[in-house]
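Engineer: Submitted below is the structure of interest, expressed as C-alpha cells.
The values are calculated or read from the model by the stated rules, or taken from the named source; none is laboratory data. Everything quoted here is computed from the prediction, not taken from an experiment. Positions of Cβ are generated from backbone atoms using ideal geometry, with glycine treated the same way; all protein chains shown enter the neighbour counts. All accessible areas refer to the heavy atoms of the entire protein, side chains included, with ligands and DNA or RNA removed. Shrake-Rupley method; radii C 1.70, N 1.55, O 1.52, S 1.80 Å.
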Amino acid sequence: MTNSRYSLPLGTPRLTLRNYRADDTDDWYRLYSSEETHRYNQTSPVTARDIAAERVARLTAQKDQPERDRYSLAICLNNDGSYIGSATLSLFD
C-alpha cells in the first residue's frame, strides 16, 4: 500500500524518480560508501553494508506513512533501471 499525495514514479525521457525498495541496498551502499560521492559534502562515507541496509529500510518505509510530507526518492536511469542517486522533496504549508 502506498499513501501519497503525488503519483509515483515520476519520469523524464532519461530518468525515473521512485520510492525506495529493499533491493536498492547494494546500489545505495556502493554510491554512499564512495569517497568521491562525499568529496564536496560535509558527511563521511558509509562504512558498512548493514548501515546501508538500515538506511534503505527507513527510506523504503516512508512510502507507507499517512499524510506524507517528505519524499526521499531513488533516481534511476530508464535504459537499465540502475540507481544513480537520490532526491528529497519536503512539503511545507
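Engineer: What's the longest uninterrupted piece of the chain once you rule out the trypsin sites (Lys or Arg not before Pro) that are loop residues per DSSP with at most 13 other Cβ within 10 Å?
Structural biologist: Numbers: sites that count: Arg5, Arg14, Arg21, Arg39.
Maximal segment without exposed cleavage sites: 40-93.
Engineer: Using the Cα gyration tensor of the range 50-93, with a ≥ b ≥ c the square roots of its eigenvalues, what is the shape: rounded (a/c below 1.5), prolate (a/b larger than b/c) or oblate (neither)? Working shown, then result.
Structural biologist: Numbers: a/c = 2.35, a/b = 1.35, b/c = 1.75.
Taking the square roots of the gyration eigenvalues as a ≥ b ≥ c, the range 50-93 is oblate.
Engineer: Any number yet on Rg/Rh for the chain, C-alpha, Kirkwood? Working shown, then result.
Structural biologist: Working: Rg = 13.7 Å, Rh = 14.0 Å.
Rg/Rh for the chain comes to 0.97.
Engineer: Give me the percent of accessible area attributable to carbon and sulfur for the chain, probe 1.4 angstrom.
Structural biologist: So the carbon and sulfur contribution to the accessible surface is 51 percent.
Engineer: Could I ask something else about it? If I take R0 = 25 Å and measure r between the Cβ atoms of Ser7 and Ala61 in this structure, what FRET efficiency does the formula 1/(1 + (r/R0)^6) give, to the nearest 0.05? Intermediate values should be presented prior to the final figure.
Structural biologist: Working: r = 20 Å, r/R0 = 0.78.
The computed FRET efficiency comes out at 0.80.
Engineer: Is it possible to state the helix-based mean residue ellipticity at 222 nm for the chain, with each DSSP H run of 4+ residues giving -39500 (n - 2.57), the sum divided by total residues, to the nearest 500 deg cm²/dmol? What is it? If you can, show how the numbers build up before the last one.
Structural biologist: Numbers: 2 runs with 21 residues, N = 93.
Taking each H run of at least 4 residues, the total per residue is -6500 deg cm²/dmol.
Engineer: Work out the charge dipole of the chain with +1 on the Cβ of Lys and Arg and -1 on the Cβ of Asp and Glu about the Cα centre, then indicate which of Ala48, Ala61, Trp28 is farthest towards its positive end.
Structural biologist: It is Ala61, whose Cα lies furthest towards the positive end.
Engineer: Over the chain, what is the mean sequence separation of C-alpha contacts under 8 Å (at least six apart), divided by residue count, expressed as relative contact order in percent? Please list the in-between numbers first.
Structural biologist: On the way: 144 pairs, mean separation 32.0, N = 93.
Relative contact order comes out at 34 percent.
Engineer: Points 7 angstrom from Cα along the Cβ direction at Arg30 and Ile75: gap in nanometres?
Structural biologist: My value for the distance between the label points is 1.7 nm.
Engineer: If you roll a 1.4 Å probe over the heavy atoms of the protein chains, what accessible area per residue do you get for the chain, in Å²?
Structural biologist: Details: 6380 Å² over 93 residues.
Roughly 69 Å² per residue, with all protein chains present.
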